[in-house]
Each structure stands twice: as C-alpha cells, then as structure tokens.
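One structure is given below, encoded as structure tokens.
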Amino acid sequence: MNNKLLLPLFLALCSLASLAQRPPGEPPQRLRGTLRAVDGDWLEVVTASDGVVEVRLAPDAGINGLERRSLADITDGVFIGTTAARGPDGRWKAVEVHIFPEEMRGAGEGHYAWDFPETTMTNATVTGVAAASDGRTLELRHAGGTEQVDVGPDTAIVLLTAGDRRLLRPGAAVFLLGFPRPDGTFDAIALVAETDGVKPPM
C-alpha cells in the first residue's frame, strides 16, 4: 500500500473527529457527486444539492479507490468506519461499512455526527462480531468508548485502496473532502473515486 497516497486522506479523516474543537468553517467539508469533466487539476462534479461544482484538486491530494468486500471480511481487530442510523428498535443500523487498510488505522477515530439526516460516523476497531437475526452485530471500540452496530446482508461493504488520477473519469461517482471558496468553487484535499463499478458509499 502506498503510504504517500493514503496519508492526505488519513489526515483529512482524522480532522473530522475533532469538529467541535475547531473554529466554525475550518474543518474539511464533504462533497458527493458524479464527475462530469476532468481538466488537469480541475474537476466538474454534478451534485444532488448544489448542481455542478467546480473542484480544484490539490497537487498532493490523497486519492483512494475501492474494492467490494463482504461481512466475512469484518473480523476482530479490523479498523473500520461505518455510517449508521437509529433503527425503530433504537439500535444503530449500518448504512455502509468501509474497511481501512492497516496503514490508515486510527483515521478519524471516534463516534460523531455525519451529514446524512440523523446519522453518525463511527471509526473504530472491531472487538466482537456476533450473529444477529439479520446479519451481524459489531462491537466497536474507539478512544471515547464502545458502540454496537448491526450490519445487514444488504449493507454496502468496501475496502479503501490506494488510487491515482486514472480513476478520475467522467461518469465516476466521487466523495471529496475539502474547503469551499467564496467564488463557489471547492478545493479538494482528498477524494474517494468509484473503482470498477464500486461507488463510494460513505
């Protein structure tokens, strides 16, 4: 695994765990959409909320790809991130799970609000996997405590991989971290790109 490519995304994700300790507007923001055009460092991203956004990709931006994984790949000791929402029974239900490579262990560790409605992100180490009526229940340990998250058979599960600009093709789904500019453009410091049909689920 190429640490140079993973490091910028590692740093950006780590900053998400400390939003409350930083001045408003300073932490990286998230942008999701589909690439419409690529011209050097400039990307046109079609988003659901803001239409077309022009994105400048920093020269040293981290680019990650994805590989599809399954529940069988989530075992004790693995470091994961999961977006989850409360179910009718009050339990956390995973919307998606992304497995971090060992080089990214500790990225964004914690349990905090995410930007999908009524969801959280938990980045933590798996310390238990138990059978559930519909899938598995994960026990997750992070610096602030523990959480239990239910993962169903239809939950999207992916592995983050090292990537490069060859993944940046029109039509590819992308997830970006960066900073909006006053002129409406967006400076991206990290990006996860669709890889072989596997789209960023986070």
Point to revise | Hull-based mean projected area of the chain, where the convex hull spans the alpha carbons, in square nanometres | key: 11.3 nm²
**Study point:** Sum of -39500 (n - 2.57) over DSSP H runs of 4+, divided by residues of the chain (222 nm, nearest 500)
**Key:** -2000 deg cm²/dmol
Point to revise | the range 115-202 - percent relative contact order, Cα under 8 Å, separation 6 or more | key: 16 percent
Check your understanding: If you count the DSSP beta bridges with both ends in the chain, what percent of them are antiparallel, to the nearest 5?
Key -> 85 percent
Review point. Over the chain, what percent of the accessible surface lies on carbon and sulfur atoms, probe 1.4 Å?
Key: 51 percent
Check your understanding: Angle between the Cα long axis of helix 3-16 and the longest principal axis of the chain, 0 to 90 degrees, nearest 10?
Key -> 70 degrees
**Study point:** Area accessible to solvent at E54, 1.4 Å probe radius, in Å²
**Key:** 90 Å²
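The values are calculated or read from the model by the stated rules, or taken from the named source; none is laboratory data. Note that the structure is a prediction, hence the values are computed from the model and not measured. Please note that ligands, DNA and RNA were not included when accessible areas were found on the heavy atoms of the full protein model with its side chains. Shrake-Rupley method; radii C 1.70, N 1.55, O 1.52, S 1.80 Å.
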